[in-house]
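See below for the structure under consideration.
The values are calculated or read from the model by the stated rules, or taken from the named source; none is laboratory data. Keep in mind it's a predicted model, so treat the numbers as computed, not measured. Using ideal geometry, Cβ is built from the backbone for each residue, glycine included, and neighbour counts are taken over all protein chains shown. Surface areas here come from the heavy atoms of the whole protein model, side chains and all, with no ligands, DNA or RNA. Shrake-Rupley method; radii C 1.70, N 1.55, O 1.52, S 1.80 Å.
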Amino acid sequence: MKNVAFISMALAAGVALSTPALARPDYGRYDTRYDWATVVDVDPIVERSRRPVSREVCYDQPVERYEPGYTAQRNHTGATVLGAVIGGALGNQVGKGDGRKAATIAGAVIGGAVGNNTSRRRGDYYETSGGYVSDYETRCREETGWRRDADVVGYQVTYRYRGDTYHTTMDHHPGNRLRVRVDRGVTPAE
């Protein structure tokens with residue numbers, strides 16, 4: 001019985017040593033490695049959008065407007081007389097006897113001078129003529145147009161590795177070659 005157990009153990013050890021594939025799994029077959037694939041086609045993924053764009057549009061509009069004609073008033077007599085009357089009345093309120101007469105005369109002279117100066121400074125003008133004139137006014141309005149945008153948001157990439165064709169989506173253009181990771185499959189390397 002000892003011999004049978006010994007022989008069984010010897011046989012098991014011999015089989016294990018003679019066939020290493022049965023003794024441990026073959027991890028080397030799935031080791032990761034990197035290589036280069038040829039890029040066959042690259043198609044951009046385009047996202048289209050529209051957005052409103054406002055702008056101010058100005059133009060010259062023909063208009064008719066009335067332009068009055070003015071003439072300066074040359075006669076200052078009314079203002080001078082009115083000033084003299086008011087000044088004389090105020091001067092008459094001051095003093096007695098001859099002083100009152102002198103104050104009335106002085107008030108009239110001073111009032112007349114003030115009235116005359118005021119009318120010259122004020123520049124009394126009055127409308128004598130006028131008419132309609134053709135002119136242009138700039139008018140503006142806001143217009144809204146639509147702007148179309150086309151943004152590339154990614155790329156559909158077709159590549160070939162050892163005769164097989166693969167497809168992937170990428171966020172950048174890969175160029176003519178693509179680095180790939182080769183293990184159980186072929187995928188782009190990051």
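Residues in the range 134-160 that are of a type outside the set (S, T, N, Q) and under 29 Å from Thr187 (Cβ atoms) were compared, and the one that is farthest from the chain's Cα centre (by Cα) is Arg160.
Condition first: out of contact with any Pro (no Cβ under 8 Å at 6 or more places or on another chain), closer than 30 Å to Asp60 by Cβ and open to solvent by less than 100 Å² (accessible area, probe 1.4 Å). Can you find one or more residues in the range 143-163 that meet it? For the range 143-163, residues out of contact with any Pro (no Cβ under 8 Å at 6 or more places or on another chain), closer than 30 Å to Asp60 by Cβ and open to solvent by less than 100 Å² (accessible area, probe 1.4 Å): present.
Any idea which residue in the range 61-99 is modelled with the lowest pLDDT, counting only those that are part of a loop (DSSP other than H, G, I, E, B), surrounded by 10 or more Cβ atoms within 10 Å (Cβ to Cβ) and more than 60 Å from the chain's Cα centre (by Cα)? Selected residue: His76.
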